[in-house]
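Q: Next up is a structure, given as structure tokens.
The values are calculated or read from the model by the stated rules, or taken from the named source; none is laboratory data. The shown structure was predicted, so the numbers you read here are calculated from the model rather than taken from an experiment. No Cβ is skipped: glycine too gets one built from the backbone with ideal geometry, and neighbour counts run over all protein chains shown. These accessible areas exclude ligands, DNA and RNA; they are computed on the full protein's heavy atoms, side chains included. Shrake-Rupley method; radii C 1.70, N 1.55, O 1.52, S 1.80 Å.
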Amino acid sequence: FPLTIEAFLMHCFWMISSLSFGILSGYLLESSQKTIFLKKEELEKIAITDELTGLYNRLMFDKVVSHELEKAKRYKKTFGFMLLDIDLFKNVNDTYGHLVGDKLLVEFANIFKKYTRSSDTIIRWGGEEFIIISLEMDKKALLSLAENIRQRVEQHNFNVVVHKTISIGAT
């Protein structure tokens, strides 16, 4: 059907405008969805991570333990559980201040990471308490790991404090 030049130009203008708005809307929608996805991942990480040490926190502990208990029941798998406590940690904060205490906690976290397996889960339980969950480990291996960590801590020269020890309970 014949169109006047003015009507044809107006029709082309609206077609190009619609197409442009569609492309722009699609780009903005995709960009916002990507941002939301990345923020969600970041929030999930923050929710399960101790900010100071970078280790998992108590929220992650609940998830890991319930999951491992289910596997242990269903598949007859074993796992080890250690509770580690820094001896006389309050004295560090009282003597040197909380900033030195925080740096000491980070040093401990690094020692635990260095001397455990990548499959082990290390959790900061509380102020100076940590938990290590070792998958598919029997009693003998768990006690050996605990003793190795205890000795490594005892031999380590910490910044400022120099010498610290830990107490470990294992099951």
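Q: In terms of solvent-accessible area of protein heavy atoms at a 1.4 angstrom probe, what is the ranking of 56, 115, 75, 96, highest value first?
A: Ranked list, largest accessible area first: 75, 96, 56, 115.
Q: Determine ³J(HN,Hα), in whole Hz, for all residues of region 71-80 in sequence, where each value follows from phi through the Karplus function 6.51 cos²θ - 1.76 cosθ + 1.60 and θ = phi - 60°; x replaces Gly and Pro.
A: Per-residue couplings from phi come out as 5, 4, 5, 6, 10, 6, 8, 10, 8, x Hz.
Q: Could you state the angle between the C-alpha long axis of helix 5-48 and the longest principal axis of the C-alpha atoms of the chain, as a value from 0 to 90 degrees rounded to the nearest 10?
A: For 5-48 against the chain, the angle is about 10 degrees.
Q: Further question: Where the centre of each part is set by its Cα atoms, how far does region 47-72 sit from region 104-137, in angstrom?
A: Computed from Cα coordinates, the inter-centre distance equals 11 Å.
Q: Let me spell out the model: positive unit charges on the Cβ of Lys and Arg, negative unit charges on the Cβ of Asp and Glu, origin at the Cα centre of region 13-171. What dipole size does that give, in debye rounded to 20?
A: Magnitude of the dipole: close to 540 debye.
Q: Listed here are the pairs 63/90; 114/140; 113/139; 45/73; which of them are more than 25 Å apart at the Cα? Don't skip to the answer; put the middle values down first.
A: Working: 63/90 29 Å; 114/140 20 Å; 113/139 20 Å; 45/73 29 Å.
Going by Cα-Cα distance, 63/90; 45/73 fall outside the 25 Å limit.
Q: Here is a further query. How many nm is it between the label spots at residue 3 and residue 58, if each spot is 7 Å from the Cα in line with the beta carbon?
A: Taking the simple label geometry, residue 3 and residue 58 are separated by 6.9 nm.
Q: Return the label of the correct value of volume of the Cα convex hull per residue in Å³, as calculated from the structure shown, out of (i) 125; (ii) 215; (iii) 186.
A: The listed entry that was calculated here is (iii).
Q: Mind checking the full-extension length gain between residue 90 and residue 136? Use 0.36 nm per residue of separation minus the Cα-Cα distance, one decimal, nm.
A: 13.1 nm
Q: Now, a different point. Would you calculate the separation in nanometres between label points at residue 37 and residue 119, each defined as 7 Å from the Cα along the Cα-to-beta-carbon direction?
A: 3.1 nm
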